[in-house]
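Peer 1: Here it is, the structure, as structure tokens.
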2 protein chains.
Amino acid sequence: MSDLNSRLMTLLPAWQWLRKYNQAKFKSDLLSAFIVIAMLVPQGMAYAMLAGLPPIMGLYASILPMIIYAMVGGSPTLSIGPVAIISMMTFATLNPLFEVGSPVYIQAACLLAFMVGVISLLLGLLKFGFLIQLISHPVIKSFIIASALLIALGQFKFLVDVPLKANNIPEFLLSFWQYIRYSNIETFIFGMLSLCFLIYMPKILSSHAVQSRIGSTAFISKALPLILVVASIAAVYFLNLKEIGIKTVGEIPSGFPPLSMPYWNMDLVITLLPGAAMIAMISFVESLSIAQATALQQRSDLNSNQELVALGLANLSAGLSSAFPVTGSLSRTVVNADSGAKTPMAGVFSSLLIVLVSLYFTGFFRDLPLAILAATIIVSIWKLVDFKPFIETWRYSKADGIAMWITFFGVICIDISTGLMIGIVSTFILLLWRISRPHIAVIGLIEGTQHFRNIQRHHVLTSSKLLSMRIDENLNFLNAHIFKGFLINAVSHNIDLEHVVINCSSISSIDLSAVEMLEDVNAELNKLNIKLHLSEIKGPVMDKLQHSKLLKHLSGKIYLTHFQAMQQLSPDVFQ
Amino acid sequence: MSDLNSRLMTLLPAWQWLRKYNQAKFKSDLLSAFIVIAMLVPQGMAYAMLAGLPPIMGLYASILPMIIYAMVGGSPTLSIGPVAIISMMTFATLNPLFEVGSPVYIQAACLLAFMVGVISLLLGLLKFGFLIQLISHPVIKSFIIASALLIALGQFKFLVDVPLKANNIPEFLLSFWQYIRYSNIETFIFGMLSLCFLIYMPKILSSHAVQSRIGSTAFISKALPLILVVASIAAVYFLNLKEIGIKTVGEIPSGFPPLSMPYWNMDLVITLLPGAAMIAMISFVESLSIAQATALQQRSDLNSNQELVALGLANLSAGLSSAFPVTGSLSRTVVNADSGAKTPMAGVFSSLLIVLVSLYFTGFFRDLPLAILAATIIVSIWKLVDFKPFIETWRYSKADGIAMWITFFGVICIDISTGLMIGIVSTFILLLWRISRPHIAVIGLIEGTQHFRNIQRHHVLTSSKLLSMRIDENLNFLNAHIFKGFLINAVSHNIDLEHVVINCSSISSIDLSAVEMLEDVNAELNKLNIKLHLSEIKGPVMDKLQHSKLLKHLSGKIYLTHFQAMQQLSPDVFQ
């Protein structure tokens, strides 16, 4: 039996919690599912619209992917589905290729989800989960802030009902200047009222007076978008607002999501590939960082490759069920956990409730104004636009700060995917830059100790016969020249010199370029009758140096500690 | 007076040696110049041919650039002029654009030299000399070997007199298969005889019997190409070899190199830019590494930015005097130094002698067979094709070895510039790869000492309450995840754990992603009632951490030494 168990667990991680399922868990999971779909229905439709797709696809995107993730994913509370940034990236990928909302556009969105699924699945199966490390925190933060800004601006068109573009800020400003005179004032007023409702109601609800009267208002706050949606549908229906120019969602087909392989051909796949790769990367980063937050608490090591596989299958199923790329949603995951979800079954229940909605309640959303969905997106996304991280990062490290600004301007001035790419590449360049400028110090002995410190910062003991140096970086082709230059400079200022000792305590690796540099330096110093010594070489470095000519040709010796070297080479100064 | 001196030295480094010039130096410089031009005349013409240009341009390329470098360059013996690899790169850049040898091709070669000059000059003036570090030794070595192979193959067409192509090996094999049946057998025999002469004569000359009779044969060996050139011209002239199909250099215009700005337009400049940048880079690498070899001996620090400026001006002058890109030649520099050149005046004399040749002796070279020039190139270049470095490098480091093979196959399978680019990029990726896989160890105390070592390699003292770790790499976004994963894994295997101590002695920098990882880990461990401590943080790292929240939120303490930490946290085990 236990053998069967372990085999089932490998094939289907869900077996782990399914076999311990009971009535208590069922109740809390179901309750949590109801709360989550109150958020999910308006969010799903709004994010579909953000991606330039019919709102119903936002519901489709929450059905199969959620069930699939529950079966194979590693996090019990992660809520998979449409997410603002991924929707925005979908839009940015497809918008230049097809007319927004056209049948080919919709088919391409499904294909994109399918491709994101294939990429994630392959990376996961090939154990490429470590690729996530390529994106540094400052770049991610900056990417999210800049994307949020663009997303909020991109929704502005629904508030004024003119075709503003928002792939980047210059484009937005240009189209704003061109079209703003044609805006629909009724829609604008309607939209602004919704915005105010969404912004100020939570503040009113959380004020002391209200709280004391009706108890906890957390759930009501979360359901505000749904309340607004219902109220606005009623308003449009009863006040006949469509006649004054308020645009609505329109007829939504009801029923199960149509299951089919999205239309594809090789050219289209190649065109979509860069976009799909970026979406796969960001959806993985998003999803994993949310899932990881819960992992350590349970002393369970979240397997990043398995998460990639789960995310890949979820996106594959999205592509096959007429939906668009999905990932883990931070807001819904938090709500899911807070409202008591115990197992992934909560996700399955949410998914089943969404099926009910798309089977029987789509007609209800026909009169939902687009401006309301836009207001929902703007309010939820605007919280992310926060420039404090820029200041904090800059204060900690200029390099990280520069990477942040490069990403930010790349995203808002070019487009969301290109900006991210530029940001990632900039962090690599900045890292290589830092490696190429190592900290090198001439060191001397602090009297009465065996510690050596920078002669420029501390009052230390030195000998004119002896030059003793330390480099605080691994030696490689990027900094070997600098080290040699520093050494030549130090030698040429010192006529009495007999010995150079390099303290290797900070060196964890030496590449061939650096070894050859040391060989050169050793040979050249030898001609000047100066001996080169090394001290405190680490084990793995020493293992490698055995394969080089350096140790054979070294004019001096290798010392275990720097203090020993000093004592032996200049016993008159260092006792 | 001394003020005037120092000002002159800044503007014109040549002033330093010019004012101390005397008759003795004059004599040795002049002698050395005669020896160098015995090499330079055939080499210059051969390398011009290699670049797909008329042989006379090889002489032009040795006139102005050499004088200019003598005035502003930093090395007294560096011999500037046409060089095989740069000629090959010139060919690789221009060949896809224009018909080889046509007037536009020749104009473009001058423009290329001019652009290489401008790029080098700008980089030098803006103090970008450090860019040279971007190329690792293994990549340079592999690039030179692969280029030498291509160059030798490229000359093969002159030995068989059919239009073989050799931008890469597949192309060469294809054209070989197509054309070899049309080859000219007389030219082939003539070429093979020359090859044998150049290969075996030095061996015969250096054999003991000959040496004892005529003394030192070093100079004769160096002059062999010139002897062959003269002999073959005589053979062609007196035996009328042109009638049996031996192709010769043909009419060469005599006179000074025409001075003019090369024809240019913006489109052409943009097309040539990548090639010019690669040539500037390689000519700088070549030139600087040759110049540096002499610099340390004189305890003089060669300024890489000044070398860039000198090389830039030399190439500018090449572009303006109907020549093609130039750089320092290793073979001629060695001969120059060996034959007693004392000052850069030797270069000036060589240059003046070349002027005499191009004024009065060009007619003499009319009957020089192309196969002879090709043989000269093949013999001089074939010495560079040596696969020992591949084996040695592989033995020292797999990463360096991989970079070498990538460069090699990039060059021989695509083309010389693309291959170099791929090689350079591969070293960056491999470096980032190594950083992303740091060596992390759980460490314990070696009894009776204060030293800590890897618990898997040594017999050490540990405590079950205490996890003590060391990472042998700077912490950044590339390895923060790995470190966190390692830590989570180590923690989850240890139920009694109360303290985690990270030994930071190998960490010289921590980026923001890694600080945030540590903050996360600290918070998560704290919830499990495990305290996080840090030990042996370096000064500069500590300075930076002051700006982060980590130190404020740290659940544990910061210890000066790891031993102190162990003693305080688990006094029962570590006394």
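Nothing in this text is a laboratory measurement; each read-out follows from the coordinates by a stated rule. Since the model is a prediction, treat every value here as computed from it, not as a measurement. Methodologically, a virtual Cβ is constructed for each residue, glycine included, from the backbone with ideal geometry; neighbour enumeration extends over all protein chains shown.
Peer 1: What list of ³J(HN,Hα) couplings, whole Hz, do you get for the range A:186-201 from phi and the Karplus terms 6.51, -1.76, 1.60, once you set θ to phi - 60° and write x for glycine and proline?
Peer 2: 5, 4, 4, 4, 4, x, 5, 4, 4, 4, 4, 4, 5, 7, 8, 4
Peer 1: So, one more: What number does the range A:24-428 give for Rg over Rh if you use C-alpha atoms and the Kirkwood radius? Don't skip to the end; give the middle numbers.
Peer 2: Details: Rg = 20.4 Å, Rh = 21.5 Å.
Looking at the range A:24-428, the ratio lands at 0.95.
Peer 1: How about the range A:363-435: which chymotrypsin sites (Phe, Trp or Tyr not before Pro) there lie in a loop by DSSP and see at most 11 other Cβ atoms within 10 Å? Walk me through the numbers on the way to the answer.
Peer 2: Working: sites: A:364, A:365, A:382, A:387, A:390, A:394, A:396, A:405, A:408, A:409, A:428, A:433; in loops: A:387.
Sparse-neighbourhood loop chymotrypsin sites (Phe, Trp or Tyr not before Pro): A:387.
Peer 1: Label position 7 Å from Cα toward Cβ: report the copy-to-copy distances for residue B:27 in nm, one decimal, ordered from shortest.
Peer 2: Residue B:27 label point versus its equivalents elsewhere: 11.3 nm.
Peer 1: Expressed as an acute angle from 0 to 90° and rounded to the nearest 10, what is the orientation of the C-alpha long axis of helix A:2-11 relative to the principal long axis of chain A?
Peer 2: 80 degrees
Peer 1: Only bridges with both residues in the protein assembly as shown count here: give the DSSP antiparallel percent, nearest 5.
Peer 2: Working: 22 of 48 bridges.
If we restrict to bridges inside the protein assembly as shown, about 45 percent are antiparallel.
Peer 1: Continuing with this model, one more query. Can you tell me the orientation of helix A:103-125 relative to chain A, as the angle in degrees between its alpha-carbon axis and the longest Cα principal axis, to the nearest 10?
Peer 2: With both axes taken from Cα atoms, the answer is about 40 degrees.
Peer 1: Note down the relative contact order for chain B as a percent, whole number, built from C-alpha pairs under 8 angstrom at least six residues apart. Could the numbers behind the result be given before it?
Peer 2: On the way: 974 pairs, mean separation 126.0, N = 575.
The normalised contact order for chain B reaches 22 percent.
Peer 1: Hey, for residue A:204 with labels 7 Å out along Cα-Cβ, what do the inter-copy distances come to in nm, ordered shortest first?
Peer 2: Counterpart label points of residue A:204 in the remaining copies fall at 10.8 nm.
Peer 1: How large is ³J(HN,Hα) for each residue in the range A:273-280, as worked out from phi by the Karplus curve 6.51 cos²θ - 1.76 cosθ + 1.60 (θ = phi - 60°), to whole Hz, x for Gly and Pro?
Peer 2: Values per residue, Gly and Pro as x: 4, x, x, 4, 5, 5, 5, 4 Hz.
Peer 1: Once phi is turned into ³J(HN,Hα) by the Karplus curve 6.51 cos²θ - 1.76 cosθ + 1.60 with θ = phi - 60°, what whole-Hz value does each residue of the range A:157-165 show in order, with x for glycine and proline?
Peer 2: Per residue, the Karplus-derived 3J(HN,Hα) values read 4, 6, 7, 10, 6, 10, x, 6, 9 Hz.
Peer 1: Quick one: angle between helix A:398-413 and the longest Cα principal axis of chain A, in degrees between 0 and 90, rounded to 10, please.
Peer 2: 30 degrees
Peer 1: Is there a simple number for the mean count of other chain Cβ atoms within 10 Å of the Cβ of residues in A:503-515, and what is it? Provide the component values of the computation, followed by the final result.
Peer 2: Details: counts 0, 0, 2, 7, 3, 10, 9, 2, 13, 15, 11, 2, 4.
Mean shielding count: 6.
Peer 1: Moving on. How far is residue A:493 from the same spot in each other copy, in nm, shortest first, if each label point sits 7 Å from Cα toward Cβ?
Peer 2: 4.9
Peer 1: Here's a follow-up. How big is the dipole moment of the range A:440-569 about its Cα centre under a simple scheme where the beta carbon of each Lys and Arg is +1, that of each Asp and Glu is -1, and everything else is neutral? Debye, nearest 20, please.
Peer 2: Values: 12 positive and 12 negative charges, 35 e Å.
Taking the Cα centre of the range A:440-569 as origin, the dipole is about 160 debye.
Peer 1: Just going by the charge dipole of the protein assembly as shown, with Lys and Arg at +1 and Asp and Glu at -1 on Cβ, which of B:358, A:38, B:504 is farthest out on the positive end?
Peer 2: The residue sitting farthest along the positive end of the dipole is B:504.
Peer 1: In addition: How long is the protein assembly as shown along each principal axis, judged by its Cα atoms, biggest number first, in Å?
Peer 2: 114, 76, 71
Peer 1: When the scattering of the range A:440-569 is computed by the Debye formula from its Cα atoms alone, each counted once and equally, what is log10 I(q)/I(0) at q = 0.13, 0.20, 0.22, 0.23 Å⁻¹?
Peer 2: Normalising to I(0) and taking log10 leaves -0.48, -1.24, -1.53, -1.67.
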